[in-house]
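Inspection log for the structure reproduced underneath, given as structure tokens.
Values quoted throughout were computed directly from the atomic coordinates according to the rules given, and no laboratory measurement underlies them. What you see is a predicted model; the values in this text were computed from it and never measured. Virtual Cβ from ideal backbone geometry, glycine too; neighbours counted across all protein chains shown.
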Amino acid sequence: MDTEWYNDVPCSSIAVESIISIATGGLIWGSCAASYDANQRGLTGIHRASFVAKAVGKYGFQCGLFAGIFSFTRCRIQRYRKKSDWVNALVAGGVAGAAIGAGSRNWKQVAVMTSVLSGFCAIADQSRPI
């Protein structure tokens with residue numbers, strides 16, 4: 001990521017841009033997955049429309065929430081540490097994973113979500129396109 005512009009833009013703007021783009025992806029994914037699930041359950045008519053609408057909203061909200069927490073936390077940590085490395089993504093992934101997992105109120109799930117998303121975000125942040 002080009003750090004020159006990244007340091008000039010407020011973290012809140014980066015988070016909003018991330019929320020909009022990733023939530024849109026979540027909405028698209030939700031429409032595909034919910035439609036398939038509705039077919040599997042044999043739903044038709046108003047029940048199908050209600051099921052798909054709820055699932056689309058759920059996927060979009062969850063994806064947007066994760067993206068916002070992750071990007072804002074990563075930006076703030078990077079500015080605090082004055083370094084752009086894998087540690088920023090590791091910590092931000094852990095915070096976002098803990099926030100998502102906390103909704104379940106099951107501490108085992110919180111720990112699993114924190115570790116998995118933290119590791120995944122650190123790896124994804126350090127990967128470079130071919």
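A few comments on the model shown:
- Full-stretch length increase - Arg105, Ser13 - with 0.36 nm per residue and alpha-carbon distance subtracted: 30.1 nm
- Cβ distances below 4.7 Å define possible disulfide partners, and in the chain the cysteines left without one are Cys32, Cys63, Cys121.
- Think of each Lys and Arg Cβ as +1 and each Asp and Glu Cβ as -1; about the Cα centre, that makes the dipole of the chain roughly 460 debye.
- Acute angle (nearest 10 degrees) that the helix 11-41 long axis makes with the longest principal axis of the chain, alpha-carbon atoms: 30 degrees
- Highest to lowest packing among 72-82, 86-96, scored as the average C-beta count within 10 Å: 86-96, 72-82
- R0 of 22 Å, Cβ-Cβ distance Val116-Val87: FRET efficiency to nearest 0.05: 0.80
- Kirkwood radius and radius of gyration were both taken over the C-alpha atoms of the chain, and their ratio Rg/Rh is 1.07.
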